[in-house]
């Protein structure tokens, strides 16, 4: 029996033209495509006519298929000799559960390969003209999830360390901004630290909300902020203000 292979492919931050050349080639040639939520339809339409496509996306409170079922499907199709692309938003290893799927495949002796993608934590901020690092302003950044797995007895996030990282990027965290802000403030982060929330960052309906750290919870409550959204906290947000105050056009304009 011929065993197939699984590619864990990062689709990038939500725009079809930002996937890697290799990722697109694999989508066009695979036998089976298992794809997540927020994958542009321009990518899923690139498959060959006889490709079997399965939507296995997750959104808060509603999982089409639980992770165990996704793992089972990957093993089942691979044992049937299929070439499978597991297409994930952003990068497979950044809150994409790619590590879990990789270990499941390795344990079963299924060949696999990881194809990285541009994470939304950087790509969306680039689209909004907010650098994650900037000379003289920020020499490092941290990316944290706004919600940890339900049922945990306590947080495993090292807020003591994160509070002092120049740029803090929070994914999937609008509903828990009060908690996040409280963790940072109680550990010494300045209340007037510039901050921003970016919603639908790679779409034509992108919305940007500029604020300060202490004002973030009130901002989130006063606005209807759609998912997906990213929160960034740090002096790098002020670089956006400097750009908008400049007389020359943004380099991102085309």
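Miscellaneous remarks
- Antiparallel DSSP beta bridges within the chain, as percent of all bridges there, nearest 5: 45
- Whether region 101-186 is rounded, prolate or oblate, judged on the alpha carbon gyration tensor where a/c under 1.5 counts as rounded: oblate
- Region 9-27 and region 77-95 have Cα centres spaced 13 Å apart.
- Overall form of region 121-245 per C-alpha gyration tensor (a/c, 1.5; a/b vs b/c): oblate
- Crossing angle, helix 98-107 versus the chain [Cα axis fit, 0-90 degrees, rounded to tens]: 30
- Build a GNM of the chain with springs between Cα atoms under 10 Å apart, and of 66, 40, 194 the one that fluctuates most is 66.
- Short-range pairs are left out: with C-alpha atoms under 8 Å and at least six residues apart, the relative contact order of region 178-238 is 41 percent.
- Relative contact order of region 78-208: 19 percent, from C-alpha pairs under 8 Å at least 6 residues apart in sequence.
- Three-way shape label, region 1-64, alpha-carbon gyration tensor, a/c 1.5: oblate
- Net lengthening on full extension, residue 17/residue 69 (0.36 nm per residue, minus Cα-Cα): 15.7 nm
- When the chain is treated as a GNM with alpha-carbon contacts under 10 Å, the residue of 32, 224, 168 showing the greatest mean-square fluctuation is 224.
- Model label sites at residue 235 and residue 28, defined 7 Å from Cα along the beta-carbon direction, differ in position by 4.6 nm.
- Helix 67-79 and the long axis of the chain differ in direction by around 40°, with both axes built from C-alpha atoms.
Each reported figure results from applying straightforward, stated rules to the coordinates on display, with no laboratory input. Worth saying up front: this structure is predicted, and the values here are computed from it rather than measured. Reconstructed Cβ throughout: ideal geometry from the backbone, glycine too, with neighbour counts over all protein chains shown.
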